[in-house]
1. Can you work out the FRET efficiency for the pair A:Ile164 and A:Val40, with r the C-beta to C-beta distance and R0 = 30 Å, to the nearest 0.05?
2. Quick one: of the DSSP bridges fully inside chain A, what percent are antiparallel, nearest 5?
3. Counting only C-alpha contacts under 8 Å and six or more residues apart, can you give the relative contact order of the stretch A:170-389 as a whole percent?
4. For peptide B:85-92, how many partner chain Cβ atoms fall within 10 Å of a residue's Cβ, on average?
5. Over all distinct Cα pairs, what is the inverse of the mean 1/r for the stretch A:56-159, reported as the Kirkwood hydrodynamic radius in Å?
6. Suppose R0 equals 22 Å. What FRET efficiency, 1/(1 + (r/R0)^6) with r the Cβ-Cβ distance, do B:Glu20 and B:Ala49 give to the nearest 0.05?
7. Averaging sequence separations of C-alpha pairs under 8 Å and six or more residues apart, then dividing by the length of chain A, give the relative contact order as a whole percent.
8. Does anyone have the angle between helix A:28-53 and the longest principal axis of chain A? Alpha-carbon axes, 0 to 90°, nearest 10?
Amino acid sequence: MNTIFTVLAKELKVTLRDKRTLISAIILPSLVIPLLMFGVTKLQKSLIDKASDKQLKIAMVGTPPLFSTTFNDPKFKLVSNVDVEDGRRAIQADSLDAVVEFPADFSEKIKNMQSGTVNLYYKSTNMMLYNRISEKIDSVKVGILKERVKQLNISEEAFLPIAIAKVDIASPKEQIGKMVGGFLPYIFIIFCFMGCMYPAIELITGEKEKGTMETLLTVPASRFKILTGKILAISIVGLSAALMTIIGMVVALKLLPDIPPAFLNILNDMVTPRFVIMLFAMLFPLSIFFAGFLSALVIRAKTFKEAQSLVTPMTFVIIIPALIATLPGVELGWQTSLIPVLNIALATKEIIAGTINMLQYAAVVISLVVLALLAAYVSYKQFSRESMVLQ
Amino acid sequence: MIEVQNVSKQYILSKQQKKELETNKASVFAVNNVSLTCTPGKVFSLLGANGAGKTTVLRMISTILKPTQGIILVGGESVIDNPEKVRSKIGFLTGSTNLYDKLTPGEIVKYFADLYGLDKAIFEQRKDMLFTKLNIHQFSKKRIAQLSTGMKQKVSIARSMIHDPQIVIFDEPTSGLDVITAHSIIELIQQCKAEGKTIIFSSHIMSEVELLCDDLAIISKGNLIYNDSMHNFKQAYQHQSLTEAFIAIVKSNSPKLTAAH
């Protein structure tokens, strides 16, 4: 055990002194979710505010008396003497936002209690435009509807024969769990893999390339112990990256403004010792699996560059099952609990939602442990081959 | 003592390797039926051109490579049966300063001392002695990446000698080094000899060989073509320099050896 710890301690020291590893395993994972949440929320809000406050230039064609004052609002600028064709060209050239055209029979149809059609010409790329114009038209529509109800002397309910009363049985925790739970594992699985990447290349291929591997193999320690120390170091860095992602998310949710208190309460309920232990029990074998798998792969490379080119495509192999887990309808079952990466992503979703089946959870952990041991064994077999460890 | 008896190292060729070597053979011998003995208190030189098989022999002695056939005993232990025991007896030094850039000399020496299972008190004593002797103290807290080649080689020496090995293997230890650093290696080899250690070293630099070695062997294309004491060698080739004699021996043996392949 001493040899394993000696190798592990040295490898961790070397790894933590490497800027690339620090960035990919500690800094980036802890910042990515806060930055994403903060950045996306801010950007979205600013874009919506901008689109809502922008003065829309619209042309009205054949305006009936009903709509004569509807767009008398500082947020709209009416352009006169424009026909539909001119208007369409102006929209195409971005000198006009929309044309609202009332056909000649519009007033007649309204008067006869028929549906009058309003033609709206616009670009769907113009954010919020449709909502803003339809909101104005709807205000007139409601007035017409009330007038008709009055004329026909019937109740307004006559126009609403069926109403659906929704009773959501899912707890807020379950709702948020299914929502956040799909996204969170996707991020931490990728960072766990990326966290393992650089240390694996540095500690395996790097040692080969620099020639230190040859020196290391002349010490009275078995290759098994040397490799075990290295795999543990790689997996600890990967595990740290995954944990930093989760810590980053929790801290961001607690510190960011505009997070509803109800959501924060759910978050506090969610991050319990049970949640942390259950997550760790899956993440640890996953990180060993990544470390073993990457070690077996990069040991084939003679240079750092060659190792990078071997490892980079593997990121996509990891992303695909993690991405599948975010799709609606993909649930944890006996079959999915045995598919690596997908299983941990789905199980995390269920744990956060509080709906995990403990037997299926056990199947996930066992399959991950088996996979981790298999990857470590394959890596050891490679490490035992002379042609693999020497330049 | 190092005893190498009828040792061969055979490599199976892949399709790609066959193409590169332009051969149809299924395998090649990097080392073929080599026997030699290195005795304590003497320096044994292994000479040969590039690719002759010197490094393969040294790697097999230090257990990095396994012989395909034959027996190697290092300090009485078999490299096949007890590789870890063999490794605990040897110190291995090459000319390329293979060190960890992000560690300091102190950390590197400590790492290897721990791997050799050295007691803390003995480690401190050995480290202090080696660092003083090699003038490492002044840069012992700097990272390897900040050191010159000469400084790095001194750290490599300290690293390979920290456990006071009885058998020392030097693989072209002075190649690419400046005169001063190379001289410190020569001094180290002489000191090891004076301490009664068993020393085997490979080199291309004939002046070093002449200065240091007691016994020598010449290897060519994996085959041992000369193995005798330096005294007998000088007697046999008294009218030639060491370099001339070496070239003559290699040239006269080459055709026969090629046919043997």
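Laboratory data are not the source of any read-out in this text; all were calculated from the coordinates shown. Since we're looking at a predicted model, the values are computed, not measured. Here the Cβ is made from the backbone with ideal geometry for all residues, glycine too, and neighbour counts use every protein chain on show.
1. Calculated value: 0.40.
2. Values: 4 of 12 bridges.
In chain A, approximately 35 percent of DSSP beta bridges are antiparallel ones.
3. On the way: 281 pairs, mean separation 79.6, N = 220.
Once divided by the residue count of the stretch A:170-389, the mean separation gives 36 percent.
4. Numbers: counts 1, 2, 6, 3, 1, 3, 1, 5.
Mean partner-chain Cβ count within 10 Å for B:85-92: 3.
5. Values: mean 1/r = 0.0676 Å⁻¹.
Every distinct Cα pair counted, the radius reaches 14.8 Å.
6. On the way: r = 19 Å, r/R0 = 0.88.
According to the calculation, E is roughly 0.70.
7. On the way: 493 pairs, mean separation 87.1, N = 391.
With pairs under 8 Å counted, the relative contact order is 22 percent.
8. Orientation of helix A:28-53: about 10 degrees from the principal axis.
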